[in-house]
Amino acid sequence: MTGAAPMKTILLLEDLPEIRAWLRKIVQQVFADAQISESARVADAMALVTSVKFDIALVDLGLPDGSGVDVVTRLRDLQPEAQPVVVTIHDDDEHLFPALQAGAFGYILKEQP
């Protein structure tokens, strides 16, 4: 039997299509066979979190219909083994600390290559 890693199931929550495409490209480079679910709205992501078991969630904080922190909180409540990571343009405590308190494992800054 080979030691192949199991397929990852990943949520991308980002309202900007170009950033979502950038995230998808990164995920596909790291996890070539990942099953990726995408959402541009908190409401849609909340529905996905209740119906799909995720390994990783890349979550934008500022979305048109709410805060990604709410999605991180809901994901950690429903799927404590999932690893949410915040994707943001903000690198200050005011934005990051609530997300980390909610259970985010870390963050990626959007301006990073």
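Of all positions in the stretch 57-67, at least one carries a residue that is of a type in the set (Ser, Thr, Tyr), modelled with pLDDT under 95 and either assigned to a helix (DSSP H, G or I) or open to solvent by 20 Å² or more (accessible area, probe 1.4 Å) (or both). Would you confirm whether or not the stretch 77-91 contains a residue that is assigned to a helix (DSSP H, G or I), modelled with pLDDT of 95 or more and either among the β-branched types (Val, Ile, Thr) or within 14 Å of the chain's Cα centre (by Cα) (or both)? No, there is no match, as no residue in the stretch 77-91 is assigned to a helix (DSSP H, G or I), modelled with pLDDT of 95 or more and either among the β-branched types (Val, Ile, Thr) or within 14 Å of the chain's Cα centre (by Cα) (or both). Among residues of the stretch 8-23 that are touching a residue at least 12 places away in the same chain (Cβ under 8 Å), those with a beta-carbon under 8 Å from a residue that is part of a helix (DSSP H, G or I) and among the charged types (D, E, K, R) at least six positions away or on a different chain give the pairs LEU12/ARG20; LEU12/ARG24; GLU14/ARG20.
The residue that is least open to solvent (accessible area, probe 1.4 Å), counting only those in the stretch 27-55 that are under 17 Å from MET7 (Cα atoms), assigned to a loop (DSSP other than H, G, I, E, B) and among the small types (Gly, Ala, Ser), is ALA34. One residue stands out among those in the stretch 1-26 that are part of a strand (DSSP E or B) and either open to solvent by 80 Å² or more (accessible area, probe 1.4 Å) or in contact with a helix residue (DSSP H, G or I) (Cβ under 9 Å, 6 or more places away or on another chain) (or both): the one that is farthest from THR88 (Cα to Cα), which is ILE10.
The set of residues in the stretch 57-76 that are under 10 Å from the mean Cα position of the chain (by Cα) and β-branched (Val, Ile, Thr) comprises VAL59, VAL71, VAL72.
The values are calculated or read from the model by the stated rules, or taken from the named source; none is laboratory data. Since the model is a prediction, treat every value here as computed from it, not as a measurement. As a convention, Cβ positions derive from the backbone with ideal geometry for all residues, glycine included, and neighbour counts pool all protein chains shown. SASA here: full protein model, heavy atoms, side chains in, ligands and nucleic acids out. Shrake-Rupley method; radii C 1.70, N 1.55, O 1.52, S 1.80 Å.
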